[in-house]
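Step one of this worksheet: look at the structure below.
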Amino acid sequence: MIASLYGVSLGPGDPGLITRKAWELLHSGAEWTYPVRKKQGKSYALNIALQAGLTPPENHTELVFPMTHDREILAKYWLRAAEQVLSKLQAGNDVVFLVEGDASTYSTFQHLAKTVAALDASIIIETIAGVSSFNAAAARAKIPLADTDDTVAIIPAGYGIAMIEKMLHDFDTLILLKVKPLLDDILELLEHKNLLTQSCFIEKAGSNEERIVRDVMSLKGQKVNYLSLLMVHNSHRIREELIRGCRKK
């Protein structure tokens, strides 16, 4: 019997944002798996399900994905996790992998899915869409991501200050994910660009630990959570298409 692997998106923290499709799969009898940073560590994705009042089945399994950017190290953990999942699938059991936010957006699930598919191409793999952190953050902060013909970019802050500065020039709204390592440098850039008042910091959007900070410079020197982002609207941006239109006239 061919089993299926599902990347089940649970939203960024509010259990009320779990979709009906995800809810059905969590009650389907499929085996649960979920990511942790270290053995017997806490899983944010699992906690969302627990906050929804769900009880994990007896056969739930944590999969370890350490906090590192070393692709060789990560590849070993992806393989180990894929082998754990594959043993369940080849026994005929469907498996759900719990994902905070959306499983298509900077998610560990995509690496897991690719590794499982490489080991056994017969496995059916599906991604269940969910609410992303930046969509929830915009709603919670009451800030539109885009209006009319606005352009939007979403990048991890780890791309660096030079890239962030370029993106601020090229897009009306910039969403910076995982800002923790570069927060002070980003704040200095926003101050230089006179964009502090057009920025908003959101941590763990929608969860009971949510934090929204509009005076973003007050965060300088502080430690923030890994699950945090900055939304920046650059109203000073002069669009190249408008300049070209004016020149033609």
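Search segment 154-203 for residues being over 16 Å from the mean Cα position of the chain (by Cα) and among the hydroxyl-bearing types (Ser, Thr, Tyr), and hand back the single one that is farthest from Lys220 (Cα to Cα). That would be Thr173.
Could you tell me whether segment 98-117 includes any residue that is touching a residue at least 40 places away in the same chain (Cβ under 8 Å), within 14 Å of Thr173 (Cα to Cα), surrounded by 15 or more Cβ atoms within 10 Å (Cβ to Cβ) and among the aliphatic types (A, V, I, L, M)? For segment 98-117, residues touching a residue at least 40 places away in the same chain (Cβ under 8 Å), within 14 Å of Thr173 (Cα to Cα), surrounded by 15 or more Cβ atoms within 10 Å (Cβ to Cβ) and among the aliphatic types (A, V, I, L, M): absent. So which residues in segment 111-158 are in contact with a Ser or Thr (Cβ under 8 Å, 6 or more places away or on another chain), not in a helix (DSSP H, G or I) and not β-branched (Val, Ile, Thr)? Correct list: Glu126, Ala129, Gly130, Ser132, Leu145, Ala146, Asp150, Ala153.
Taken over segment 25-70, the criterion of being among the basic types (Lys, Arg) and free of Cβ contacts under 8 Å to residues at least 24 places away in the same chain is satisfied by Lys42 alone. Is it the case that Val96 is under 28 Å from Pro66 (Cβ atoms) and either β-branched (Val, Ile, Thr) or modelled with pLDDT of 95 or more (or both)? Taking the combined requirement at face value, the residue satisfies it.
Counting only residues that are under 25 Å from Leu74 (Cβ atoms) and buried (at least 17 other Cβ atoms within 10 Å of the Cβ), which one in segment 14-40 is farthest from the chain's Cα centre (by Cα)? For segment 14-40, the residue satisfying everything is Glu31.
For residues that are over 30 Å from Glu24 (Cβ atoms) and of a type in the set (A, V, I, L, M, F, W, C), scanning just segment 41-78, find the one that is surrounded by the most Cβ atoms within 10 Å (Cβ to Cβ).
In this case the residue turns out to be Leu74.
Would you point out the residue of segment 159-173, among those that are in contact with a Ser or Thr (Cβ under 9 Å, 6 or more places away or on another chain) and not acidic (Asp, Glu), that is surrounded by the fewest Cβ atoms within 10 Å (Cβ to Cβ)?
Ranking the qualifying residues of segment 159-173, first place goes to Phe171.
Within segment 178-186, is even one residue under 30 Å from Gln90 (Cβ atoms), out of contact with any helix residue (DSSP H, G or I) (no Cβ under 6 Å at 6 or more places or on another chain) and either at pLDDT 95 or above or not assigned by TED's automatic domain parsing to the domain that holds Met217 (or both)? Looking for residues that are under 30 Å from Gln90 (Cβ atoms), out of contact with any helix residue (DSSP H, G or I) (no Cβ under 6 Å at 6 or more places or on another chain) and either at pLDDT 95 or above or not assigned by TED's automatic domain parsing to the domain that holds Met217 (or both), one finds none in segment 178-186, hence no.
Just to be sure, is Glu209 out of contact with any Asp or Glu (no Cβ under 8 Å at 6 or more places or on another chain), of a type outside the set (Val, Ile, Thr) and either at pLDDT below 95 or more than 30 Å from Pro15 (Cα to Cα) (or both)? Considered against the rule, which asks whether it is out of contact with any Asp or Glu (no Cβ under 8 Å at 6 or more places or on another chain), of a type outside the set (Val, Ile, Thr) and either at pLDDT below 95 or more than 30 Å from Pro15 (Cα to Cα) (or both), Glu209 comes out as no.
The values are calculated or read from the model by the stated rules, or taken from the named source; none is laboratory data. From a predicted model like this one, the values you see are computed outputs, not experimental measurements. Every residue, glycine among them, receives a Cβ derived from its backbone with ideal geometry; neighbour counts consider all protein chains shown.
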